[in-house]
Amino acid sequence: MSERVRVTGGTVVDPVGGTVEARDVLIEDDRLVGVFASGEGDAAVLDASGLLVLPGLVDMHVHLREPGYEYKETIRTGVAAALAGGFTSVACMANTEPVNDSAAVTQYILDRARLAGGTRVYPIGALSAGLKGERLAEIGEMHRAGIVAVSDDGRPVMDAALMRRALEYTRMFGLPVIVHEEDAHLAAGGVMNEGVTALRLGLRGIPAAAEEVMLARDIALTELTGGRLHVAHVSTAGSVALLRDAKARGLPVTAEVTPHHLFLTEEVVSGYGTHAKMVPPLRTSRDVEALRGALADGTIDALATDHAPHHHDEKEVEFEQAANGVVGLETALPLALRLVAEGVLDLATLVARLTVGPARALGLPAGTLDAGAPADLTLVDPERRWRVEARLFRSKGRNTPFEGWEMTGRAVAVLVGGRLVYDDRPGTAAALRSAAS
C-alpha cells in the first residue's frame, strides 16, 4: 500500500516554472506527485508553515576525501554536513587515495554512501589514470559502475591532445568533462591573485590569464569535438566573457561558481590567514561583480561549494605552505540567500542555480518538483539567524573563511526519497517524523 505525505503551509519555489507561491507538495512513497493548491490530496501532513519548500539542493563539486584521507573527511561526515546545508545530492571529486580511476573505487564510494544514508552521493571519475595527465583513465568501466562525470580537478590537464581525447571519448557515454582551468606554467609558485595586493604582501601571484588561456583552449576543443565541457570554480571576469561567447555560439559548455568567489576578494589575504588560500585564488572586486552578473543571467549555470576539508595541521602553517581550499557545504545556502537580499538575483533564479542547474549539467534526476521526480525536498527557514562557528560543523573540516559571520536563513528539514533524513526545528521533530515516517 502506497503512503502519501502532503507538505503544506510553506512557500513553494519552483525553479523550472520560476514561481514562488503558497502551495502544497504531494509525495507518494519516494516520488513527487506534484504541486497543488493548499489542502488538496488525502495524505499525512508535514507542516512547513513559515518555510520555503525547495527541490533538494544539488552540489556538483565536493571533496569527500574517502578513501585515503579519512582524517580530513569521511563520506559519513561529508553527508552529515551536506544534510545540515540542505543538500540532497552531492557529486564527489576523484582525488582520493587510491584515486577514483577504476570501477572498484567507484563502487567503494557508492557502497560507503549507502551505509552513510541520507544525501545521494554521485562519484566523479578521474579523467586521467592516477590524475597524472598522461593517459585516459578507464572511463568506460567507471561509467558502468556509476560515475556521472570525469575530472582531474585540482590538477589542470596540460596536454591538449589528452583533453581532446577525453572530450571525444566521453561523448560515447554522455558524460561531461569537468575542468580545472589553470595553466601550470603561468601559475607556478603562485599562492594568491597576481596584483598590487600580492606585491604588497610579498606573495607570488597567479594571474587571471592562467585560467583564461586554458578556458579558451578547452572551448576550442569542445567546438572541435562536440564533447560536453563543464568549467569548475570560475573566478575571473575574462572567463565570464569567454563563457558568454561560447554559449552565444551554442556550444555545450556549462559552468559553476563558488560562494567564496562571490563574496570575498584578494584583500581577505591581507592578514595571511590560510583559510583565504584556495585555487583558483580570490580575485578582485571587478571579478566578483562579473561573476555575480553571470550567475544571475545564466552564463554560469550552478552554484557549487568546492567543499575541501583539511586537517588543521595542513592550514596552521605559513601561507605559502598551507593546503588550498575551504569547506562550504554548511554555509553555501545562507550566503546564497544574501544574493537575493542584495538584489543580485531573484529567489527562483537562485534556487535554480542550486538545483536544476547543477542537476542538468551532470544529467542527474534531481532539482525539480515535476511529477515523478524523486521526492527530495529542502525546507528552509528564511528568517533563522545564526553565527558561523566552525567548531559546530558536522564536517570534520574547520577551514572556513566565514568564521564569525552573521547569517540569515538555514535548512531546517530535508527529505530524500520521501524520508525525513534531517530535522533541525525545535519542538517539531516528533511531529515531522510522525508525518513522514
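Computed from the coordinates by the stated procedures, all read-outs in this text should not be read as laboratory data. Quick caveat: nothing in here was measured; it's all calculated off a predicted structure. A quick note on method: Cβ atoms are made from the backbone with ideal geometry, for glycine too, and the neighbour counts reach across all protein chains shown.
Would you mind counting up the charge near Arg410? Only other residues with Cβ under 14 Å from its Cβ, with Lys and Arg at +1 and Asp and Glu at -1.
Overall, the nearby charge balance is -1.
Using unit Cβ charges (K, R positive; D, E negative) and no other charged atoms, how large, in debye to the nearest 20, is the dipole of the range 1-107 about its Cα centre?
180
Dividing the convex hull volume of the Cα atoms of the range 272-340 by its residue count, what figure in Å³ per residue is obtained? Numbers along the way, then the final one.
Details: hull volume 7.0 nm³, N = 69.
It comes to 101 Å³ per residue, whole-number rounded.
Return the percentage of antiparallel bridges among DSSP beta bridges fully within the range 56-362, rounded to the nearest 5 %.
Bridges in the range 56-362 that DSSP calls antiparallel: roughly 5 percent.
Counting only residues 5 or more places away or on other chains, whose amide H sits under 5 Å from the amide H of Val12 once H atoms are built in the peptide plane?
Glu21, Ala22, Arg23, Val53
Over the Cα atoms of the range 28-104, compute the convex hull volume and normalise it per residue, giving Å³.
141
Say R0 is 22 Å: what FRET efficiency, to the nearest 0.05, do Glu70 and Arg144 get from their beta-carbon distance? Let's see the in-between values first.
Numbers: r = 27 Å, r/R0 = 1.21.
Approximately 0.25, to the nearest 0.05.
Roughly how compact is the range 56-362, stated as its Cα Rg over 2.2 N^0.38 Å to two decimals?
Rg over 2.2 N^0.38 Å, computed on Cα atoms: 0.92.
Most mobile of Ala373, Ala302, Ala161 per a Gaussian network model of the chain (Cα springs, under 10 Å)?
The residue with the greatest mean-square fluctuation here is Ala161.
Report, to one decimal in Å, the Kirkwood hydrodynamic radius for the range 136-243 based on all distinct Cα pairs. Can you show the working numbers first?
Values: mean 1/r = 0.0676 Å⁻¹.
After inverting the pairwise mean of 1/r, the radius is 14.8 Å.
With point charges of +1 on the Cβ of Lys and Arg and -1 on the Cβ of Asp and Glu, referenced to the Cα centre of the chain, which listed residue (Val344, Val99, Gly174) lies farthest in the positive direction of the dipole?
Val99
Any idea what diffusion coefficient the range 96-143 gets from Stokes-Einstein, in µm²/s, Kirkwood Rh on alpha carbon pairs, 37 °C, 0.692 mPa s?
The calculation lands on 296 µm²/s.
Could you pull the Rg and Dmax for the range 233-367, using just the Cα atoms, both in Å?
15.3, 47
What is the gain in length, in nm to one decimal, between Leu392 and Asp424 on full extension, counting 0.36 nm per residue of separation less the C-alpha to C-alpha distance?
10.1 nm
With +1 assigned to the C-beta of every Lys and Arg and -1 to the C-beta of every Asp and Glu, and no other charges, what is the dipole magnitude of the chain about the Cα centre in debye, to the nearest 20?
240
So what does log10 I(q)/I(0) come out to for the range 196-235 at q = 0.34 Å⁻¹, using the Debye formula with one equal point on every Cα and no solvent?
Debye output, listed in q order: -1.09.
Report the gain in length on full extension from Ala44 to Ala371: 0.36 nm times residue separation, minus Cα-Cα distance, nm rounded to one decimal. Write out the running numbers ahead of the final one.
Values: separation 327, 0.36 × 327 = 117.72 nm, distance 1.84 nm.
Between Ala44 and Ala371, full extension yields an extra 115.9 nm.
Between Phe36 and Ala188, what's the calculated FRET efficiency when r is the beta-carbon distance and R0 is 45 Å? Round to 0.05.
My answer for the efficiency is 0.20.
Rule-of-thumb check for the range 1-130: C-alpha Rg over 2.2 N^0.38 Å? Mind showing how you got there, number by number?
Values: Rg = 18.2 Å, N = 130, 2.2 N^0.38 = 14.0 Å.
The range 1-130 yields a ratio of 1.30.
Between Leu110 and Asp29, what's the calculated FRET efficiency when r is the beta-carbon distance and R0 is 30 Å? Round to 0.05.
Taking R0 as 30 Å, the efficiency between Leu110 and Asp29 is 0.85.
Bin all alpha-carbon pair distances of the range 312-432 at 5 Å intervals from 0 and give each bin's fraction as a whole percent.
It works out to 2, 9, 15, 18, 19, 17, 11, 6, 2, 1, 0, in whole percents.
Between the range 308-383 and the range 110-133, what's the alpha-carbon centroid distance in Å?
So the separation of the two Cα centres works out to 18 Å.
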